[in-house]
Amino acid sequence: MKLHFTKMQGCGNDYIYVDTIAREYVLKDKVELAQKISDRHFGIGSDGLILINRSKIADFEMEMYNADGSRGKMCGNGIRCVAKYVYDKGYVQKTDFTIECMGAVKKIRVFPEGGKVKTVTVDMGEPILQADRIPVAIPGDSEGRVIAHEIAAGDFHAKITCVSMGNPHAVLFSGEEGMTDFSLDLLDIDRIGPCFETHELFPERINTEFVTVLDEENVRMRVWERGSGETLACGTGCCATAVACILNNKTGRKVSVHVPGGTVDVLWDEKDSHIYMSGPAEIVFEGEIEI
């Protein structure tokens, strides 16, 4: 069977998108399919697979798989790309609509230029800060939060702040007194990332953000994503990073997170406590693959 696909990226976080609305594919093994097409040597090459489906509870559904075939609960860059796809393809004419991912419905606003979407803002909802809901096997503070908690992952010592944006994140900062210091440019993330991802304190594994604060409105970040390894960007990771910065009094409530693939802007709104994530989405190319 030939599978039509669209490769898209948001700040370099690239996925293979399959439109099941236009073509009703029968995909028997989505785990194996995600692994095959994500392979950068023997497949198309991507950070994972995303299916664009109809939804019973929202305008559209995003069904996401990581490069290792594991199911993803949320993908910030991915949901922006889905928003661009459905608008650019004419499936929706309004600029405000909704997208579901594993039962969670997110409000979307697209900003088209010349009929094509360039930027997308997503209402990511409230960040989850309670340790048992993230989940992490770490005692929380009086409010159940894990803020600047010291752990050792292999030979790397860090103070982590844990946040869930629909998927779990551990955020750590360079320059923390008494902890392992690091330069983002020299960080051996391929060695250190797996030590955090598979740490016994994280029952569902963890996405890990390594962050350097530049000023009150700007930070740099590299991310190790569970199931995919290092990616050039992680939308939910940018959101978690902004939350961690604010909880640790390192920035204001509006933060530009600079990742290797670009910049994602995050606002933690005081009025409703929701996280608003804004960033680009681009189509790379379309094609067909035999499966």
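The table below lists the values:
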{"read-out": "Condition met for GLU225 (crowded, with 24+ Cβ neighbours inside 10 Å and of a type outside the set (A, V, I, L, M, F, W, C))", "value": "yes"}
{"read-out": "Output for region 131-155, where each listed residue is part of a strand (DSSP E or B) and either under 10 Å from HIS199 (Cβ atoms) or not assigned by TED's automatic domain parsing to the domain that holds ARG205 (or both)", "value": "ILE151, ALA152, ALA153"}
{"read-out": "Sole exception among (1) within 16 Å of the chain's Cα centre (by Cα); (2) within 27 Å of ASP132 (Cα to Cα); (3) without any contact (Cβ under 8 Å) to a residue 24 or more places away in the chain for ASN249, by number", "value": "(1)"}
{"read-out": "Verdict on PHE210 being surrounded by 20 or more Cβ atoms within 10 Å (Cβ to Cβ), of a type in the set (A, V, I, L, M, F, W, C) and either farther than 28 Å from TYR15 by Cβ or assigned by TED's automatic domain parsing to the domain that holds GLN9 (or both)", "value": "no"}
{"read-out": "Residue match in region 104-112 (condition: surrounded by 13 or more Cβ atoms within 10 Å (Cβ to Cβ) and in a helix (DSSP H, G or I))", "value": "no"}
{"read-out": "Test: GLY144 is small (Gly, Ala, Ser) and at pLDDT 95 or above", "value": "yes"}
{"read-out": "Within region 159-171, considering residues that are more than 18 Å from SER228 (Cα to Cα) and surrounded by 24 or more Cβ atoms within 10 Å (Cβ to Cβ), the one nearest to the chain's Cα centre (by Cα)", "value": "VAL163"}
{"read-out": "Top-ranked residue of region 185-198 - restricted to ones that are of a type in the set (A, V, I, L, M) and in a loop (DSSP other than H, G, I, E, B), ranked as surrounded by the fewest Cβ atoms within 10 Å (Cβ to Cβ)", "value": "LEU186"}
{"read-out": "Search result, residues across region 253-270 that are polar (S, T, N, Q) and either closer than 15 Å to VAL120 by Cβ or in a loop (DSSP other than H, G, I, E, B) (or both)", "value": "THR263"}
{"read-out": "Selection from region 155-186 of residues that are of a type in the set (Val, Ile, Thr) and out of contact with any Leu (no Cβ under 7 Å at 6 or more places or on another chain)", "value": "VAL171, THR180"}
{"read-out": "Unmet requirement for THR6, which otherwise passes all of (1) surrounded by 15 or more Cβ atoms within 10 Å (Cβ to Cβ); (2) farther than 15 Å from ILE289 by Cα; (3) touching a Phe, Trp or Tyr at 6+ places or on another chain (Cβ under 9 Å)", "value": "(2)"}
{"read-out": "Which listed residue, of ARG205, ARG220, is surrounded by 15 or more Cβ atoms within 10 Å (Cβ to Cβ), in contact with a Leu (Cβ under 6 Å, 6 or more places away or on another chain) and either in the same structural domain as ASN248 (by TED's automatic domain parsing) or without any contact (Cβ under 8 Å) to a residue 60 or more places away in the chain (or both)", "value": "ARG220"}
{"read-out": "Matching residues, region 46-72, being touching a strand residue (DSSP E or B) at 6+ places or on another chain (Cβ under 8 Å), surrounded by fewer than 23 Cβ atoms within 10 Å (Cβ to Cβ) and not in a strand (DSSP E or B)", "value": "ARG54, SER55, ILE57, ALA58, ASP59"}
{"read-out": "Hits in region 251-273 (condition: crowded, with 17+ Cβ neighbours inside 10 Å and in contact with a strand residue (DSSP E or B) (Cβ under 6 Å, 6 or more places away or on another chain))", "value": "VAL255, SER256, VAL257, HIS258, VAL259, VAL264, ASP265, VAL266, LEU267, TRP268"}
{"read-out": "Residue among PHE202, PHE182, PHE210 that is touching a helix residue (DSSP H, G or I) at 6+ places or on another chain (Cβ under 8 Å) and in a loop (DSSP other than H, G, I, E, B)", "value": "PHE202"}
{"read-out": "Test: residue in region 84-95 that is at pLDDT 95 or above, among the aromatic types (Phe, Trp, Tyr), in a strand (DSSP E or B) and closer than 18 Å to VAL120 by Cα", "value": "no"}
{"read-out": "So SER278, is it within 28 Å of VAL146 (Cβ to Cβ) and touching a Phe, Trp or Tyr at 6+ places or on another chain (Cβ under 9 Å)", "value": "yes"}
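The values are calculated or read from the model by the stated rules, or taken from the named source; none is laboratory data. Since we're looking at a predicted model, the values are computed, not measured. For neighbour counting, all protein chains shown are included, and Cβ atoms are generated from backbone atoms with ideal geometry for every residue, glycine included.
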